[in-house]
Amino acid sequence: MLERLQKVLAAAGYASRRKCEQLILDGRVSVNGKLIRELGFKVDAGSDQIKVDHRPIVREQLVYLLLHKPRGVVTTVSDPQGRKTVMDLIQGDIKQRVFPVGRLDLDTSGLLLLTNDGKLANGLMHPKHEIHKTYLAKIEGRLSTAEAEQLRQGVLLEDGMTAPAQVAIRTGSAATTSLEITIHEGRNRQVRRMCEAVGHPVASLMRIQVAFLKLGQLPPGHFRQLSKQEVQRLYAETGI
């Protein structure tokens, strides 16, 4: 399969896609003995001989992690404000350069996938695949039957109507309601905005499931590697 040269270099763990583009522009990359300076140049990573600074590249081993992101940790590779990131939680344990699949906002905890498999990551995040994500939300006030039905049918946000959601109320009182809500869209802070739209701000939010993968009893700040069977099933669910 033909892929852009900079994408292959990034997948091999040399640097970010942008930095790999600069390697090409600087004349440091060759393919089958020919110096390449064209960013659109495509290669077959399985058969073409690719070198950086005259040294053959070695494709990085693919890694798939399921992390329990704690509240207060940023879902980025680095943070200019110096805040703790999800990468700090795996530093020293994982040699490969991985990245988060999607985002959880600063105040949301729970299941986050990290990988260096760009193909699978894109498949999981693409809206057309409708990968379900389940959250446990604690909201202010008692959620009425009518309000729960609003969430199920879709609510109007500033960026348009949301797709129907699955909603199950766990516990409820006059002060707070705990509910499970499952969505397949990936809008920014979507669950929080949906609950606010029906009059119930979110007090706490945790993602407990992505597709068939469950957070389970994994402690905050800890991670585990996905099994080969789990990776294969994710590929099957995305249809890529």
### Task
Could you check, for segment 157-165, whether at least one of its residues is surrounded by 20 or more Cβ atoms within 10 Å (Cβ to Cβ) and of a type in the set (Gly, Ala, Ser)?
yes
### Task
Keeping to segment 216-232, report how many residues are outside any loop (DSSP other than H, G, I, E, B), closer than 17 Å to LEU112 by Cα and of a type outside the set (S, T, N, Q).
4
### Query
Among GLN190, GLN225, GLN229, GLN217, which is the only one that is in the same structural domain as ASP117 (by TED's automatic domain parsing), within 18 Å of the chain's Cα centre (by Cα), at negative phi and not hydroxyl-bearing (Ser, Thr, Tyr)?
GLN225
### Query
Among ALA174, ALA163, which is the only one that is outside the structural domain of ASN116 (by TED's automatic domain parsing), outside any strand (DSSP E or B) and in contact with a strand residue (DSSP E or B) (Cβ under 8 Å, 6 or more places away or on another chain)?
ALA163
### Task
May I ask you to verify whether VAL77 is without any contact (Cβ under 8 Å) to a residue 60 or more places away in the chain and either surrounded by 18 or more Cβ atoms within 10 Å (Cβ to Cβ) or not assigned by TED's automatic domain parsing to the domain that holds GLN229 (or both)?
no
### Task
Might you check whether a residue that is at pLDDT below 95, out of contact with any helix residue (DSSP H, G or I) (no Cβ under 6 Å at 6 or more places or on another chain) and surrounded by 18 or more Cβ atoms within 10 Å (Cβ to Cβ) occurs anywhere in segment 37-52?
yes
### Query
For segment 204-240, what are the residues that are of a type in the set (Gly, Ala, Ser), under 16 Å from LYS133 (Cβ atoms) and surrounded by 12 or more Cβ atoms within 10 Å (Cβ to Cβ)?
ALA211
### Query
Right, LYS34: without any contact (Cβ under 8 Å) to a residue 60 or more places away in the chain and farther than 23 Å from LYS228 by Cα or not?
yes
### Message
Please pick out the residue among LEU104, LEU113, LEU120 that is under 17 Å from TYR135 (Cβ atoms), outside any strand (DSSP E or B) and not assigned by TED's automatic domain parsing to the domain that holds LEU205.
### Response
LEU104
### Query
Among the candidates GLY123, GLY118, GLY141, GLY154, which residue alone is of a type in the set (Gly, Ala, Ser), in contact with a Lys or Arg (Cβ under 9 Å, 6 or more places away or on another chain) and either at negative phi or surrounded by fewer than 19 Cβ atoms within 10 Å (Cβ to Cβ) (or both)?
GLY118
### Checklist (1) more than 22 Å from ILE131 (Cα to Cα); (2) in contact with a strand residue (DSSP E or B) (Cβ under 8 Å, 6 or more places away or on another chain); (3) of a type in the set (Lys, Arg) applied to LYS69, failing item
(1)
### Query
How about segment 80-108: which of its residues are among the charged types (D, E, K, R) and either loosely packed, with under 15 Cβ neighbours inside 10 Å or closer than 14 Å to ARG207 by Cα (or both)?
ARG83, LYS84, ASP88, ASP93, LYS95, ARG103, ASP105, ASP107
### Summary
Residues in segment 137-183 that are among the hydroxyl-bearing types (Ser, Thr, Tyr) and closer than 21 Å to VAL210 by Cβ total 3
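The values are calculated or read from the model by the stated rules, or taken from the named source; none is laboratory data. This structure is a prediction, so every number in the text was calculated from the model and none was measured. Cβ sites come from the backbone with ideal geometry, for glycine too, and all protein chains shown count toward neighbours.
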